[in-house]
Amino acid sequence: MKNISRRQFVVTLGASAAVAGLGLVGCGGSSSSSSDSKLQTIKDRGKLKCGVKKDVVGYGLLDTATGKYEGLEIDLCYMVAAKVFDVSYEEAKDQDLCEFTDVTPKTRGPLIDNDTLDLICATYTITDKRKEDWDFTDPYRTDHVGILIKKGSMSTMADLDGKHIGVSQGSTTKDLVLQMLEDNNIAATPVFDEYPDYPSINSALDAGQIDAFAMDRSTLKTYTTDDKELLQPEIEFGAQDYGIATKKGCDFSEVTEEVVKEVTSNGWIDEEVSAWGLL
């Protein structure tokens with residue numbers, strides 16, 4: 001586990017300036033009363049409710065021994081909490097100002113809509129379609145899709161013809177794989193099987209129920225073992241820009257955007273990428 005305290009700089013993110021600039025415009029463009037302010041609701045509650053991954057090494061991983069979450073996206077949530085509650089990153093972490101809930105591609109959107117969660121920071125890819133329903137920050141990290149297979153089972157993307165590829169429910173992976181095959185003039189028509197979570201897909205691959213596991217490479221890194229490898233990793237496709245998602249039209253959305261702009265410009269994200277081995 002990474003020792004966060006070794007960080008050479010700690011960004012103190014004040015909520016007061018953000019609130020002044022935002023005018024407390026509520027979700028959906030409501031009036032400026034405090035009852036309509038998502039940001040004020042979070043401040044009054046005293047906790048930031050965050051949807052994260054629990055099984056993606058380096059991004060969001062639940063340490064079952066300690067019950068604690070760790071990873072770049074966990075740290076980023078604490079940076080947002082620091083901004084909201086006008087404390088330093090270290091204080092936000094020490095005071096346990098984030099409440100984490102693991103999410104899947106199928107559950108993350110609804111949990112924002114019904115206000116169960118304040119934000120989703122869970123390798124959530126920004127797309128034009130998703131931006132119609134939720135607010136997204138600028139990207140804090142870009143990844144690409146990969147296809148994980150049993151070693152020696154296939155050698156080229158053309159071998160995917162007729163093979164079963166496991167993908168996550170509610171993800172964009174299927175379309176990106178198909179687009180990659182089309183763009184590279186590869187005559188292959190795979191079959192896609194949807195699963196509720198990544199461990200289920202990995203178990204299906206181990207059991208021989210599917211032939212491949214397609215997902216962001218950052219996720220696949222968690223499941224890459226001595227007997228598994230990426231199929232033709234030199235074919236880079238399906239760029240995935242990760243952003244923090246919040247409820248559409250919330251005043252809180254601008255707070256998350258300010259945090260992402262700051263951490264991507266001052267070197268904080270670069271340090272996190274290195275510290276968590278995401279290079």
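The values are calculated or read from the model by the stated rules, or taken from the named source; none is laboratory data. Remember, predicted model here, so these are calculated numbers, not experimental data. All Cβ positions, glycine included, derive from the backbone under ideal geometry; neighbour counts span all protein chains shown. For accessibility, only protein heavy atoms count, side chains too; no ligands or nucleic acids. Shrake-Rupley method; radii C 1.70, N 1.55, O 1.52, S 1.80 Å.
Under the condition of being in contact (Cβ under 8 Å) with a residue 40 or more places away in the chain and either in contact with a helix residue (DSSP H, G or I) (Cβ under 9 Å, 6 or more places away or on another chain) or open to solvent by 40 Å² or more (accessible area, probe 1.4 Å) (or both), which residue from the range 110-120 is nearest to residue 240 (Cα to Cα)? Here the answer is 120. Residue 231 falls short of the stated requirement of being at pLDDT below 95 and open to solvent by less than 40 Å² (accessible area, probe 1.4 Å).
Take the residues in the range 121-142 that are among the hydrophobic types (A, V, I, L, M, F, W, C) and crowded, with 22+ Cβ neighbours inside 10 Å, then tell me which one is nearest to the chain's Cα centre (by Cα). Looking at the filtered set, the residue picked out is 122.
Determine whether the range 106-120 contains at least one residue that is within 22 Å of residue 278 (Cα to Cα), polar (S, T, N, Q), modelled with pLDDT under 95 and under 23 Å from the mean Cα position of the chain (by Cα). Within the range 106-120 (the criterion being within 22 Å of residue 278 (Cα to Cα), polar (S, T, N, Q), modelled with pLDDT under 95 and under 23 Å from the mean Cα position of the chain (by Cα)), the answer is no, since none of the residues qualifies.
Set side by side, the residues 84, 103 differ, and just one is open to solvent by less than 20 Å² (accessible area, probe 1.4 Å) and either farther than 27 Å from residue 64 by Cβ or in contact with a Phe, Trp or Tyr (Cβ under 6 Å, 6 or more places away or on another chain) (or both), which is 84. Restricted to the range 60-81, and to residues there that are in a strand (DSSP E or B) and either open to solvent by less than 20 Å² (accessible area, probe 1.4 Å) or of a type in the set (A, V, I, L, M, F, W, C) (or both), the residue that is farthest from residue 220 (Cα to Cα) is 62. Is one or more of the residues making up the range 50-59 modelled with pLDDT of 95 or more, closer than 14 Å to residue 259 by Cβ, assigned to a helix (DSSP H, G or I) and open to solvent by less than 40 Å² (accessible area, probe 1.4 Å)? Checked against the condition, which is being modelled with pLDDT of 95 or more, closer than 14 Å to residue 259 by Cβ, assigned to a helix (DSSP H, G or I) and open to solvent by less than 40 Å² (accessible area, probe 1.4 Å), the range 50-59 yields no hits at all.
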